[in-house]
Amino acid sequence: MLNTLSRMIRTGILTEPLPVSSSLQPATDNLQLSLWKILGRALTIRHVDAGSCNGCELEIHALNNPYYNLEGAGIKFVASPRHADLLLVTGPVAVNMREALLRTYDAIPAPKLVIALGDCGACGGVFGPTYATHGPIASVIPVDHTIPGCPPTPTAILAGILQAVTAR
């Protein structure tokens, strides 16, 4: 233990400083500006997992890391559907999640956008309509936009969200 500590003290800090890229800042500024023009404020998203395998959720969580910097672009996830502009739904609609999805959809103020994320949300995916699921999200609530992929990449999710918002 003492050998390890003394080696750490002798060696010092080995990490490099974070490279500063000025090319990303204008893109983020343009994104923020276009969101303000369309919505007049930040875009708020309510995410509902209607019965997915959690592959899409991992990619959504990746959107919140510093690399994609979703909050810096003016997009944030909210806990209450009453504060949301957009409903992001993943997975096929499980029988036990149908009522919760309908209540969340009804709680979002108009005008509302609904995005079906992933192949399971778009068409039922590998699960399809079975005794345990109702199939795609569009079979329960109206869907404005779908983002295909199993799971879609964070870049594809962000592009799909921006496409849905600009098509509004």
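The values are calculated or read from the model by the stated rules, or taken from the named source; none is laboratory data. Computed from a predicted structure; not experimentally measured. Quick reminder, even Gly has a Cβ in these numbers, built from the backbone with ideal geometry, and neighbours come from all protein chains shown.
Look at (1) free of Cβ contacts under 8 Å to residues at least 24 places away in the same chain; (2) touching a strand residue (DSSP E or B) at 6+ places or on another chain (Cβ under 7 Å) and you find that Asn64 fails only one, number (2). Checking each residue in segment 109-167 for being over 15 Å from the mean Cα position of the chain (by Cα), in a helix (DSSP H, G or I), among the aliphatic types (A, V, I, L, M) and under 27 Å from Lys37 (Cα atoms) picks out only Ala167.
Whenever a residue of segment 36-58 is under 17 Å from Arg98 (Cα atoms) and in contact (Cβ under 8 Å) with a residue 12 or more places away in the chain, its partners that are among the polar types (S, T, N, Q) and in a helix (DSSP H, G or I), lying with C-beta atoms within less than 7 angstrom and at least six residues away or across chains, give the pairs Arg46/Thr104; Val48/Thr104.
Residue pairs whose Cβ atoms lie under 6 Å apart, separated by 6 or more positions or on different chains, with the first residue in segment 76-93 and closer than 17 Å to Pro152 by Cβ and the second polar (S, T, N, Q) and assigned to a loop (DSSP other than H, G, I, E, B), are Thr90/Ser52; Gly91/Ser52.
For segment 128-156, a residue qualifies if it is over 14 Å from Glu57 (Cα atoms) and of a type in the set (A, V, I, L, M), and the qualifying residues are Ala132, Ile137, Ala138, Val140, Ile141, Val143. Looking across Thr146, Thr104, Thr153, Thr130, one residue alone is in contact (Cβ under 8 Å) with a residue 60 or more places away in the chain and of a type in the set (Ser, Thr, Tyr). It is Thr153. Within segment 135-168, how many residues turn out to be under 21 Å from Val93 (Cβ atoms) and small (Gly, Ala, Ser)? Residues in segment 135-168 being under 21 Å from Val93 (Cβ atoms) and small (Gly, Ala, Ser): 6 in total. Just one of the listed residues (Ala100, Ala84, Ala73, Ala107) is aliphatic (A, V, I, L, M), touching a helix residue (DSSP H, G or I) at 6+ places or on another chain (Cβ under 7 Å) and at pLDDT 85 or above, namely Ala107. If only residues of segment 109-127 that are free of Cβ contacts under 8 Å to residues at least 40 places away in the same chain and surrounded by 15 or more Cβ atoms within 10 Å (Cβ to Cβ) are counted, the one that is farthest from Glu57 (Cα to Cα) is Lys112. From the list Leu39, Leu31, the one residue that fits, being touching an Asp or Glu at 6+ places or on another chain (Cβ under 7 Å), within 27 Å of Thr155 (Cα to Cα) and at pLDDT below 90, is Leu39.
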